[in-house]
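The values are calculated or read from the model by the stated rules, or taken from the named source; none is laboratory data. This one's a predicted model, so the numbers in the text were calculated from it and none came from an experiment. Virtual Cβ from ideal backbone geometry, glycine too; neighbours counted across all protein chains shown.
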Amino acid sequence: CGGDSTSPTGLPAETIDQTPQPQPDIETGQRKVLMFKDIEQEEEGGGKQFCSICLEEYEDDHEIMRLNKCEHIFHRFCIDSWLARHWSCPNCRRSVDLNS
């Protein structure tokens with residue numbers, strides 16, 4: 001594209017270095033991984049329950065993550081993806097500190 005063929009294309013290295021990286025899948029005490037079948041009875045109401053991120057209904061074999069501060073639950077993959085970009089609960093916006 002009209003440049004030096006030996007120089008790399010894309011973002012400058014300093015921009016890449018400053019880009020926030022997804023948090024590793026570590027247990028910090030702020031999130032707890034469960035199976036939905038294990039918490040289904042704990043959740044209030046008898047109706048169907050949905051992940052508020054993907055809007056899919058929870059199934060017994062789904063991995064669920066519960067945020068400790070607010071107790072909201074989400075599919076594990078959904079909340080991991082959310083927390084890679086945001087530092088708050090998608091439901092109540094309470095801050096989630098992944099470093100404590």
How many residues are part of a loop (DSSP other than H, G, I, E, B) and either surrounded by 14 or more Cβ atoms within 10 Å (Cβ to Cβ) or hydrophobic (A, V, I, L, M, F, W, C) (or both) if we restrict to the range 81-90? 4
Residue pairs within 8 Å by beta carbon, gap of at least six or interchain, first lying in the range 41-54 and closer than 19 Å to Cys89 by Cβ and of a type in the set (A, V, I, L, M), second outside any loop (DSSP other than H, G, I, E, B) and modelled with pLDDT of 90 or more, listed first then second, are Ile53/Phe74; Ile53/His75; Ile53/Cys78; Ile53/Ile79; Ile53/Ser81; Ile53/Trp82
In the range 72-80, is there at least one residue being within 17 Å of Ile39 (Cβ to Cβ), assigned to a loop (DSSP other than H, G, I, E, B) and among the aromatic types (Phe, Trp, Tyr)? no
Looking only at the range 53-68, how many residues end up being surrounded by 15 or more Cβ atoms within 10 Å (Cβ to Cβ) and either over 14 Å from Leu34 (Cβ atoms) or of a type in the set (A, V, I, L, M) (or both)? 4
Within the range 33-51, can one find any residue that is surrounded by 15 or more Cβ atoms within 10 Å (Cβ to Cβ) and at pLDDT 90 or above? yes
